[in-house]
Amino acid sequence: MKSFNGNNEKMNRDELEQLQLEQLQSTLNRAYKNVPFYKKQFDLLGIDTSTLSSVQQIKDLPFTTRQDLANNYPYDLFAVPLRDIVRISPSAGTTAKPLVVGYTKGDLKARNTVTARFLAAGGVVDTDIVQICLNPGLSSWGRALKEGAENIGASVMPMTHMSTSKQLMAMKDYRTSVLLTTPSYAMHILEVIKDTNIETSNLALKAILVLGGPLDPDWRNRLERVLDISLTAGYGLSDVTAPGIGFECHEKNGLHISEDYFMLEIIDPGTGDVCLPGKYGEVVLTTLTARAFPLIRFRTGDLASIKDDLCPCGRSFVRISEITGHTGEVLTIAGVKVHPAQIEHILKTVSGKTPPRFLIRLYKENFLDMVEIWLEITETIFSDEVKLVENSLKHLRRQVFQMLGLEVSIRLVEASTIEQHDLPSGGVIDDR
Amino acid sequence: MLRVKNLHAHYGRIKALENVSLHVYSNEIVSLIGANGAGKTTILNAISGLIPCTQGEIYCEKTKINNLSAEKIVAVGISQVPEGRQIFAPLTVLENLELGAYLRFKKKEKDSIREDLEGIFRLFPRLEERNKQIAGTLSGGEQQMLAIGRALMARPKLLLLDEPSMGLAPLVTKDIMNTISALRDSGVTILIVEQNAQASLKISDRGYVLETGRVILQGSSVDLLNDSDVKRAYLGKDYKTFWEGRDTN
C-alpha cells in the first residue's frame, strides 16, 4: 500500500481509540479554557468536560454550525493568541459573513500531513509533476494541495487562472503526471482533449485526484479508460479544513477518514442522533489536533454513510461513502459551497435597496457547472440607459466573483418568468 | 506497554488529576511536562500505586494495575525513581543497589542479580568505583545514577523517572539524559516527569503537557519543542491579550 505515514494509517482500532480519547480530552480542555463560545455552550448545558471517558460520549456535546462560525466572525473562535497564528485563511462561507480560519505552524504541518496522505494514497510520489486546476473559490484547497504535494517532494504547478487549452498545453509540455481537480473539470478537460485532437499518448498523465463534487462512476470509467490513468477521490471542506480529510485508496471503495486528526460521526440531520453504519446522514467532524481553530462536532452539511467493513488495503481508518448530497439549502457549485442568501446579500449591497426577486439556475455546459442568475426587471437597479444597465450588471457579476469566487451570468427576466417557476425569490432551478 | 484511561486522583478533597489519559508504547521515551503542581508526579505515584486513583483505569500490557499494591506493581514490571532520588543515605552504594532487587532475593535469583549488578556498573562505571562508599556522600549526579541503578535492579519493563535533573548542574543533567537514552536502547520503556521540558523532550519520542491536573496538549517531542504554548509554559510567560504584539495601534 502506498502511504505517506503508514504507521498511523494501519494503527489497530484499540490504539486508535485510545489516541482519539486522549486527543479529544485535551481538545475539550483547550477549547473550554481558551474559547469563550465553547465555555459558554458547555456551561449552559451543564457539561463537565472532565467526565468524558470514552469517544462515544462525544454524542453528548453540542454541535457547532456554520452559523456559529459566522456569529463569531472574525477571531472569536480562535484558541490561541494572534501571535501564534501564521496563516489567516478567509473563505466565503455560506452566510452573509465570510469565514476566517487561523492556523499555527503546527496546524499547517498537520494539514500538510493529512493532505499528503490523500495524495500518496492516490499514487503521488516525489518524482511526480503535479498540476492543480481548481477555480478561485477553492483557493484554500489549492494552497493546501500545493503544500501537501511539496511535502511529498513532488514538483508542483500551483493553481493558476488559465484557460483550459492553456492548462492542457502546460499538461503536455511540462509532462504533468498528476492532475488535481474537480470531477467536472476533469471531464471538461477530456472534452477539450477530444475537440482539439490532442493525442492522449502525448500526455504523461498517470493519475487524477478529484475533490469537491459528486463523482459519477461512468465519469471515472471514461477518464480512466480514455486517459489510461488511475482516478481517486478525496473529501474535504473548502471553508474550514484540509482537502484530504477523506481519501480513497487503490481499492476505490469509499473514503478513508484521517481519524488521528479528525473524529467522524454521521448523524440524522433532523434529530441529531448518531446514525448506524450504512445509514445516510450528515457528516459531523471534530478536530483532534487543531490548536488555533478547534471545531467540536462541526456540522458539515454533507450527506454520507459509514462503511464499517475492513478495507483490504490494510488501513484501519473508517470509510465513508461518497458525498451524496447536502442538508438544507447549501449548494455545491464547482466544489464551492454557496447559500442562496449570499447572492441575495450581494444583490442587496449592489442595489442599495430591497433587492429584486431572483432565481438561481444551475446547469452543465461541457461538464462544467454553470450559474445563471435570473433577475426580475425592476426599477431598482435598471434605468432606461442601456449603458447604465450594462454597468450595473457587470458590477454585480464582479461582486459575486469577488465574494464567492464563481463566474456567473445574469439574465434579466420578466416577473411572469419568475412566477412560472413557482419558487420563492432566491429559489434554485437545478438542471445539472 | 502502558495505558492510562480517564484517571482521577484527589488529595483529600482537592482534585489533583482530572480525566487524564495517556499511553506509552514499548521502548518509547515519553515526557510529562508542566508547571509546578500540574499533577505530573501525581500521575507517576498513581501508576506505581503510591496513591490511590479515585476513578479510571491503568493497564500495564494486559494487566490492570490500578488496584494493586505498590510492591505488586513492581512485580508487574514497573519501577519508579522518585523525585529527590531518596536513596538510603547511610547505606553503601552496593547495599542500595541490592535493595532494589529486594523482590528477586526472595525468589532466589542470586546469579542473575549479580549479572544485573555488573550491567549497572557498565552503565555507571562511577558507581562501581564507589560501590563501598556511603551513598549520602555521593554528589547529586551520582546519587541520581544510584537511584536509577537501584530501580533497574528490579528488572523493570517500564521505568518511571521523577525529575531526574532536579538540582543538577546543566552538564550533569546532560549526562543523566544521555544515560536515559542509552537505557531505552537497552530495551527499557521510560516515562519521565520533568520541569526541564527542553532537556527531557530532546530525548523523548512524545510528550504530554499538563495544566492543573488536565492534559492540555500532546504530540511528538519535535512538535512540542516548537510549540509556542509549551515555550510559554516552560518560560512561565503568557501573553496578556489576544492581540499582544500584533496590535497595530
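Structural remarks
- Taking θ as phi - 60° and the Karplus parameters 6.51, -1.76 and 1.60, the scalar couplings of the range A:276-281 work out to 6, x, x, 8, 6, x Hz in sequence order, x denoting glycine and proline.
- Between A:Leu331 and A:Val338, A:His339, the built amide H atoms are under 5 Å apart, and every one of these is 5 or more places off in sequence or on another chain.
- Summarising the strand pairing of the range B:75-232, around 45 percent of its internal DSSP beta bridges are antiparallel.
- Taking amide H positions as modeled 1.01 Å from N, with prolines and chain starts lacking one, the residues under 5 Å from B:Thr54 and 5 or more places away or on another chain are B:His8, B:Ala9, B:His10.
- Degrees, to the nearest 10: B:170-185 long Cα axis against longest axis of chain B: 70 degrees
- For chymotrypsin sites (Phe, Trp or Tyr not before Pro), no site in the range A:298-399 is both called loop by DSSP and has at most 11 other Cβ atoms within 10 Å.
- Karplus-derived HN-Hα couplings along the range A:248-257 (A = 6.51, B = -1.76, C = 1.60, θ = phi - 60°), whole Hz, x at Gly and Pro: 7, 9, 5, 6, 6, 9, x, 9, 5, 9
- Listed pairs A:Lys33/B:Lys64; A:Lys307/B:Lys64; A:Lys10/A:Lys166; A:Lys252/A:Lys337; A:Lys10/B:Lys202; A:Lys33/B:Lys62 exceeding 29 Å between Cα atoms: A:Lys33/B:Lys64; A:Lys307/B:Lys64; A:Lys10/A:Lys166; A:Lys33/B:Lys62
- Karplus-derived HN-Hα couplings along the range A:356-361 (A = 6.51, B = -1.76, C = 1.60, θ = phi - 60°), whole Hz, x at Gly and Pro: x, 5, 8, 10, 10, 10
- Loop sites here are trypsin sites (Lys or Arg not before Pro) outside DSSP states H, G, I, E and B with no more than 13 other Cβ atoms within 10 Å. The longest part of chain B free of them is B:133-236.
- GNM remark for chain A: springs join alpha carbons under 10 Å apart, and the peak mean-square fluctuation among A:Leu295, A:Leu255, A:Leu388 falls on A:Leu388.
- Within the range A:192-258, GluC sites (Glu not before Pro) in DSSP loop having at most 12 other beta-carbon neighbours inside 10 Å: A:Glu199
- Across chain A, C-alpha contacts under 8 Å between residues 6 or more apart give a mean separation that, scaled by the residue count, equals a relative contact order of 15 percent.
- Loop sites in the range A:111-197: trypsin sites (Lys or Arg not before Pro), DSSP, at most 16 other Cβ within 10 Å: A:Arg175
- Note on the range A:339-430: lysine pairs with Cα distance below 22 Å, sequence gap of 8 or more or different chains, count 4.
- Helix-only CD estimate at 222 nm, as mean residue ellipticity for chain B, using -39500 (n - 2.57) per DSSP H run (n ≥ 4): -10500 deg cm²/dmol
Values in this text are rule-based calculations from the coordinates and carry no lab data. Everything quoted here is computed from the prediction, not taken from an experiment. Note that each Cβ is placed from the backbone with ideal geometry, even for glycine, and that neighbours are counted across all protein chains shown.
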